[in-house]
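All of the numbers you see were taken from the coordinates with simple rules; none came from a lab. Just so it is clear, the model here is predicted, and its values are computed rather than measured. Quick reminder, even Gly has a Cβ in these numbers, built from the backbone with ideal geometry, and neighbours come from all protein chains shown.
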């Protein structure tokens, strides 16, 4: 049976000051009527059976996650004792799925992406499931055709086609790390590369077999946790074993090493909503290039992203260009629009100077 596994433990640092440790971007309404995690759960409606959606999160976010998605059973909220990247995260989900369903198929999705239209996504997901059901060793990825030479994404190089359909599947030739701009342009021009959007389909037992083969220490600890499920010691075993696992992505741990790897060209619209710079793509801009969400009055203001989360609060700007201005009840950000790394540095500085209450 198909299960949705939603990875939802991130901190969303680049969306400070609205994103906080206990309320990161996946728990916020960034650009829609629902929060991002609500939209991700809804993406499975009609495709995923009731009770077969799982969310991997952390202790500081689990209560709010449960509140926002009450249709997800509380026992399907898997709490990581600490962040260890996506390989341990996927493995933790896999052992829990197998405890319930030995033939479980996993549709793995991040909680903080925007994908539309729903029907097209679900059709593509079903195609991936069909591949896995035909070849249970298959690990299927979705690749997004690049639209510009992005330096912030990993790339997938496609090989020969394995299916001749409207949305063909391809063997994977290689994975490429985040490239410099010149290399990214080469990838774009070739027509053979996709952005790796981090959405996967595979059998739970297969991904565990791959972890056993390539990362046996992680697998052994997962097996210890699995053997403790539904026992009085389950929580203690998880707390002891999980923090000792290697912090590694599922890409590095398995996908770059395995042989039965396939990529489906994503036929849907996708945005990873990685920073405030996503807002113009999602909300559009006015004739002066400003993207405004909230009350704003501006004079000689161009190319800015302006957001106010406090009802009735007006942001006024004069003579500024290409800024991000975000106002919240207790913190305000003013930054160059092109300086995403600077927000991370600012968050670090706030913590160092003892103002962690703002994080």
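Miscellaneous remarks
- Reference-scaled alpha-carbon Rg (2.2 N^0.38 Å with N residues) for the range 1-46: 1.26
- Extension reserve of the residue 300-residue 344 stretch, reckoned as 0.36 nm per residue once the Cα distance is removed: 13.0 nm
- Sorting 328, 65 by the number of Cβ atoms found within 10 Å of their own Cβ, with the fewest placed first, yields 328, 65.
- DSSP finds beta bridges in the chain, and of those with both partners inside it, around 45 percent are antiparallel.
- Debye log10 I(q)/I(0) at q = 0.11, 0.14 Å⁻¹ for the range 93-198, Cα point scatterers: -0.41, -0.66
- Potential lengthening of the chain between residue 285 and residue 137 amounts to 48.7 nm, from the contour at 0.36 nm per residue minus the alpha-carbon distance.
- Footprinting exposure proxy ranking of 25, 178, 205, 52, fewest other C-beta atoms within 10 angstrom first, gives 178, 205, 52, 25.
- Length gained when the stretch residue 123-residue 176 is fully extended (0.36 nm per residue, less Cα-Cα span): 16.3 nm
- Share of Cα-Cα pairs in the chain lying beyond 39 Å, as whole percent: 17
- Ordering 241, 151 by the number of other Cβ atoms within 10 Å of each residue's own Cβ, fewest first, gives 151, 241.
- Based on alpha carbons, the Rg and Dmax found for the range 173-258 are 17.5, 57 Å.
- Rg/Rg_ref, the range 278-358, where Rg_ref = 2.2 N^0.38 Å and atoms are Cα: 1.14
- Spin-label model distance (nm) - residue 23 vs residue 223, 7 Å beyond Cα toward Cβ: 4.5
- Treating r as the C-beta distance of residue 355 and residue 321 and R0 as 41 Å, the FRET efficiency rounds to 0.90.
- The range 334-359-the range 273-292 distance, computed between alpha-carbon centres (Å): 21
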